[in-house]
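Right, one structure below, let's go through it.
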Amino acid sequence: GPVVLSIFQVSSDKDEGYRSTQTISGSRTLADLRDTPNSISVLNRELLDDLIAVKLSDAMYFSVTGEIDTNRENANESFVFRGIVANLRLRNGVTWYGGTTDAYAIERVELLRGPHAFLYGEGTAGGLINQLTKQASSRDFQNANLIFGSNELRRVELDVNRRLAPNLAVRTALVYSHEGTQQNHAERDLRGIYVTGNWRPFRHTQINADIEYRRQDGVIGS
């Protein structure tokens, strides 16, 4: 039967191509973008896939007033909103201090622009980025990506979702990536596994849990 989603969870079922109509970044609960008094852009999974975005910065060029630090040899990406660097990042609405924002475990990205990002206690004057991770669903599927690109990019991604019981589903995402840069002897190797589960013990109760192991080795240029 149909599943009623949590008010703290968005679903790609409401997306129409690149157009997403819902957000949780404006009020910390699920709301229609048209009813949210914030300037928010959404980069959904379909857009990330079509752009072959291996990092979130690869998609920022296609967002409204979105920029990144052009020094791609740096260890961390610097996101710029309205000319101001956003040092703070969110992951599922929680402050996240991770390094490079790899896209293999990300379902969508919500970009809050301007001082509205301060409304709920965190943000910078220009705006901030909220990464929403992949969640398990009641539909079985599997996706595999093999990517080759410039600067010796070699990348393998695997995304598998399985429904183990009527009220229990598990999803696993794997990545192996090697990438060089335009600078000699600078490179980045990434190995990661992300596992998430969704359990619905009662009709109006959902419990999500996720765990991630990521190892990144790199040689960077100053």
For q = 0.10, 0.12, 0.23, 0.25 Å⁻¹, what log10 I(q)/I(0) does the range 119-222 give under the Debye formula with an equal point scatterer on each alpha carbon and no solvent?
-0.45, -0.62, -1.12, -1.19
Let's test this: bin the Cα-Cα distances of the range 159-208 at 5 Å from zero up to the farthest pair and state each bin's percent.
5, 16, 18, 13, 11, 9, 8, 7, 6, 4, 2, 0
Could you point to the residue in L158, S138, A209 farthest towards the positive end of the range 119-222's charge dipole, with +1 and -1 charges on the Cβ of Lys/Arg and Asp/Glu respectively?
S138
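So which trypsin sites (Lys or Arg not before Pro) in the range 146-222 pass both tests, a DSSP loop state and at most 13 other Cβ atoms within 10 Å of the Cβ?
R203
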Could you please state, rounded to a whole Å, how far the C-alpha centre of the range 135-189 is from the C-alpha centre of the range 79-101?
22
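FYI, it's all coordinate maths here, none of it is from the lab. Because the structure is a prediction, the values reported are computed rather than measured. Every residue, glycine as well, gets a Cβ built from its backbone with ideal geometry; the counts of neighbours run over all protein chains shown.
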